[in-house]
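> Structure in structure tokens, see below.
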Amino acid sequence: MQPPGAPAPPSPAQPPVVLLSIATVLVGVWIVAGTALLQGVGWFVAELLFSLGEPVPPWAWPVVAWINAGLVAAPTGLVWALARHVAGGGPHLVGARAAGRAWTIIGVAAGFVGSVRAVPVPHNELLLLLTALVAAGSALVVRRLQAPTPADPGPRRSVAGFGLAAGLLVLLPWLWVGALGGLTETVLGVVAAAAVGWLAASILNGGFFECFGGGDQRSEVRRSRPWQVLVGGLAAGVALAPLGAAIGGTGVNLAEMLVLPALGLTAAALAAAVAPTRLPRVPTVALVGLGAAGPLVFVDPEETSIVLGTSDVGWWALIGTVLSVVVALAAGTGYGLGLTPRRWPQRWIPAAAAVLVALAGIGVYGLAGRPGLYGERLLVILADQADLAGLENISDRPARLRATYERLVSHADRTQVPLRESLTRWGLDYTPYYLANAVLVDGGPLVRRWLAGRTDVDRVLLDQRARPLPVAAPTEKGTSPAPDGSPQWNIQLVRADRAWRELGATGRGIVIGTSDSGVDGTHPALRNGFRGGDDSWYDPWNGTATPTDHGGHGTHTLGSALGRGGIGVAPEAQWVGCVNLDRNLGSPSLYLDCLQFMLAPFPHGGDPWRDGRPDRAPHILTNSWGCPEIEGCDADSLRSATAALRAAGIFFATAAGNAGPFCGSVDDPPAPYADAFTVGAVDRDRQVASFSSRGPTSAGLAKPDVVAPGVGVLSAMPGGTYGSLDGTSMATPHVAGVVALMWSANPRLVGDVSATERILRQAVVPATPSYLSGDPADACGTITNITGAGLVDAYAAVQAAGKVS
């Protein structure tokens, strides 16, 4: 017999309530699994498109967001509706009702927040601003629609310090693995994270967690604290999964999708430590806001792609995510076990905990992180570009190079004066360029709007700047056996070995310039070809004074142009180098840095405007790179630069790109330009590689111009090693080497780019096209948009060059 006034024991849950509870659990699993699967598929498709050089359509991410919202809100709305109409059931029913309500609301809110991901990834500031506005607006709507929670007259205990401390703990890994962007981007990231925290706190409030402690505050049936923390934490984690998936650019949202749900346990532990109805929003805002700030503020979504390699930002973001999840779960477990109403710490302890963690964060950031701002810059293209007419008529090569350099410098010096004066007046740092009349400016979105409105400015491009890594990526090395000195299959395929033997053309006296990831200047196949002097190497990325390559790409491509030991087309040519790629990333300004150096090399630490030596310019440039939109280029970004180099009589070979077999995929500058000689790739059977980009260009030009070996090409790699690689990058240096053979065989042809191009297009061997559908009718309009004029033939080209008088 129970004593008078004792609460009745909980009655067994009725069958409908049990079924509803099971359904709620299954729906929770569905939300997490469905969100992860949908976002994972979206990420995979985006990566695939990126690898093919194609942008994600702007409508794609809003569609994904609302599909995700439907996957969440439809079943949870049903659970919520059923729970409201089932009588009795006690805490089972109340918990199902609270979960259904919270999951439905947060699913719809995530649809709105996720819609702002239509903003292109390069415009991260706008994405963060819209995320902040939509998340804050959603929080306001939720608060207005909520019924007020009845006040609890009991004593209040502050858990704000513990919420702040847990959030800072979760942020710690990002202070190590990540780096800040620009000032505006950083501020907007913090504001967006705070708005997300506010939205989460508006939904996962004290009333939500109270429902997992025994029904509601009027219920006579109470659940144990472990039950409240565990089940309430899981329900909160389920709610935070779709919210996390909706914030941040591609890749960043995946980190958020994993980090935020892990905070549910901590939020539930804080609620259980006090009466949930007394839980203020501040601890949850701090907890979720700081958790969201890690990926949002310290990771650039443009750098998370696996195309950049497995040691780049994507890898470090994964490490940060795993560490944050572990820390979040540990904090939730610790709070759940250590914070109880009966063993409540003194009032100063929560604040002291937050201060200690904040100091630890400062230490991590200062000692192990990368302090500073690494935001994108602005490349200002001026409306008045230099007139190059008449330069091609100067027959003396040194005089032609000098005249081109002086005309470009004089024009840029004169026309940039008003802009430079304005930038100086506003205290904005800048770097001027002359090869293209442009100025690189440190500034954010507001500065961009001001610059774009100037009458002397044609347009303003975003110039991407890679954020530094915690540890430099390891140097790429080859794994293939060293060649035996005999000509490799690719050298034989273009008949360069016959040109050596029978025509005596080896590239002697010709200098090839390479702009790439760098060059291992100590490699046995390359070291004797380095021109030397104080003006043959420039590294705008890292400032190295001697030829160095960590990526391997540049060493490999140069080896195919002039490497000794049977791997290069022109083994007695010399080379100069410049680093425009690092971590497989570049930018319009870095590409201009190197192209400017190629027109007028200057000493290490010299001024390109005053110390340039155009008489030391290389004869030929091999360019196994392209500047896609994600790096900041538009269709005309480098057109003035390639036009100036052609006017100077410098041959410009460039890779078609690896976005085949789609038609019209020769689209990343400088490949589509008429002033560039564009090269596609074939295999040893002379068949065009499926990855080789095809024409026509957006201007209707037939591209590529020719094709060359680009599948399984053996060449030099850093550390004296060798390796086989595929790509139009591998094909391009073959053409540069062939031109070196031609010009060494007949110096009268040097600088005559048009005549050289005609010979190259005529001295070819037929190549076999490959088609997207396997149907020859799918020839991109004409077969020349697949094969170009054909496979370059060094022997025939040198023979034809010898006949030019």
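> Let's test the formula: R0 of 35 Å, r as the Cβ-Cβ distance of Ala545 and Ser486. What FRET efficiency results, to the nearest 0.05? Write out the running numbers ahead of the final one.
On the way: r = 36 Å, r/R0 = 1.02.
Working from the Cβ atoms, E equals 0.45.
> When a/c is below 1.5 the answer is rounded, else prolate if a/b is larger than b/c, else oblate, so apply that to the stretch 417-484 with a ≥ b ≥ c taken from the square roots of the Cα gyration tensor eigenvalues.
Since a/c reaches 1.5 and a/b is larger than b/c, the shape of the stretch 417-484 is classed as prolate.
> Here's something else I'd like to know. For the stretch 582-628, what does the equivalent ellipsoid look like in terms of its semi-axes, each the square root of 5 times an eigenvalue of the Cα gyration tensor, given largest first in whole Å?
In descending order the semi-axes read 21, 13, 8 Å.
> Right, something else. What is the log10 of I(q)/I(0) for the stretch 260-397, computed with the Debye formula using one identical point scatterer on each Cα and no solvent, at q = 0.11 Å⁻¹?
Values returned for q = 0.11 Å⁻¹ are -0.61.
> What translational diffusion coefficient, in µm²/s and rounded to a whole number, does the Stokes-Einstein relation yield for the stretch 594-708 at 4 °C and a viscosity of 1.567 mPa s, taking the hydrodynamic radius as the Kirkwood radius over Cα pairs?
D, rounded to a whole number, is 87 µm²/s.
> Moving to a separate point now. Taking amide hydrogens as modeled 1.01 Å from N in the peptide plane, which residues meet the under 5 Å criterion relative to Val519, leaving out close sequence neighbours?
Thr548, Asp549
> Same structure again: Using only the Cα atoms, what convex hull volume per residue in Å³ does the stretch 700-805 have?
Convex hull volume per residue, Cα atoms: 128 Å³.
> Quick one: with all protein chains in place, what share of the accessible area of the stretch 593-699 is carbon or sulfur, to the nearest percent (1.4 Å probe)?
In the stretch 593-699, the share of accessible area belonging to carbon and sulfur is 45 percent.
> Taking every alpha carbon pair in the stretch 381-439, what does the distance histogram look like in 5 angstrom bins from 0, in percent?
The distribution over the stretch 381-439 is 4, 18, 25, 19, 13, 9, 5, 4, 1, 0, given as percents.
> From the P(r) of the stretch 368-488, can you give the percent of Cα pairs sitting at distances over 16 Å?
71 percent
> For the chain, what does -39500 (n - 2.57) per DSSP helix run (n ≥ 4), summed and divided by total residues, give at 222 nm, in deg cm²/dmol to the nearest 500?
Only helices count here, giving -15500 deg cm²/dmol.
> Largest first and to the nearest Å, give the Cα extent of the stretch 636-692 along each principal axis.
Result, largest extent first: 37, 21, 11 Å.
> Write out the trypsin sites (Lys or Arg not before Pro) in the stretch 663-729 meeting two conditions: DSSP loop, and at most 14 other Cβ atoms within 10 Å of their Cβ.
Those satisfying the criteria are Arg684.
> In addition: Among DSSP beta bridges lying fully in the chain, give the percent that are antiparallel, nearest 5.
50 percent
> Which whole DSSP H helices in the chain pass both tests: a Cα extent of 18 Å or more along the axis and a mean Kyte-Doolittle value no lower than 1.6?
Working: long enough: 15-51 (53 Å, 1.77); 60-85 (38 Å, 1.03); 90-115 (38 Å, 0.78); 124-145 (31 Å, 1.47); 160-177 (27 Å, 1.93); 183-203 (31 Å, 1.72); 225-245 (29 Å, 1.10); 281-298 (25 Å, 1.49); 313-338 (36 Å, 1.55); 348-367 (28 Å, 1.94); 397-415 (27 Å, -1.08); 728-745 (26 Å, 1.02).
Once both thresholds are applied, what remains is 15-51, 160-177, 183-203, 348-367.
> Using only the alpha-carbon atoms, what does the stretch 508-548 span along each of its principal axes? Please give whole angstrom values in decreasing order.
Dimensions of the stretch 508-548 along the principal axes of its Cα atoms: 31, 19, 18 Å.
> Shifting gears a bit: Considering only protein heavy atoms and a probe of 1.4 Å, how much of the accessible area of the stretch 411-493 is carbon and sulfur, as a whole percent?
Carbon and sulfur together cover 53 percent of it.
> What Kirkwood hydrodynamic radius do you get for the stretch 225-316 when you take the inverse of the mean 1/r over all pairs of distinct Cα atoms, in Å?
Answer for the stretch 225-316: a Kirkwood hydrodynamic radius of 14.1 Å.
> Give the carbon-plus-sulfur fraction of the accessible surface of the stretch 234-314 in %, rounded to a whole number; probe 1.4 Å, heavy atoms of protein chains only. Please report the intermediate quantities before stating the final value.
Values: 1080 of 1480 Å².
So the carbon and sulfur contribution to the accessible surface is 73 percent.
> Same structure again: Ratio to report: Rg/Rh of the stretch 500-583, with Cα atoms as the point set and Rh obtained by the Kirkwood method; give two decimals.
0.98
> Now for a different question. What accessible area per residue, rounded to a whole number of Å², is obtained for the chain using a probe radius of 1.4 Å?
The answer is 39 Å² per residue.
> Hey, another quick one. Find, among the chymotrypsin sites (Phe, Trp or Tyr not before Pro) in the stretch 397-481, those assigned to loop by DSSP (not H, G, I, E, B) with at most 14 other beta-carbon atoms within 10 angstrom.
For chymotrypsin sites (Phe, Trp or Tyr not before Pro) across the stretch 397-481 that sit outside H, G, I, E and B with at most 14 neighbouring Cβ atoms in 10 Å, the list reads Trp426.
> Which cysteines in the chain lack any other cysteine whose Cβ sits under 4.7 Å from their own Cβ?
Cys211
> Further, regarding this structure: Take every Cα-Cα distance within the stretch 282-328, group them into 10 Å bins from 0 onward, and report for each bin the whole-number percent of pairs it holds.
Binned Cα distances yield the sequence 26, 47, 22, 5, 0.
> Still on this model: Hey, could you get me the Stokes-Einstein D for the chain, Kirkwood radius over alpha-carbon pairs, 25 °C and 0.890 mPa s, rounded to whole µm² s⁻¹?
This corresponds to a translational diffusion coefficient of 84 µm²/s.
> What Kirkwood Rh does the stretch 441-534 have if only Cα atoms enter the pairwise 1/r average? Answer in Å. Display every interim value, and only then the final one.
On the way: mean 1/r = 0.0518 Å⁻¹.
Answer for the stretch 441-534: a Kirkwood hydrodynamic radius of 19.3 Å.
The values are calculated or read from the model by the stated rules, or taken from the named source; none is laboratory data. Every value quoted in this text rests on a predicted model; they were computed, and no experiment measured them. No Cβ is skipped: glycine too gets one built from the backbone with ideal geometry, and neighbour counts run over all protein chains shown. Just the protein is used for accessible areas: all its heavy atoms, side chains included, with ligands, DNA and RNA removed. Shrake-Rupley method; radii C 1.70, N 1.55, O 1.52, S 1.80 Å.
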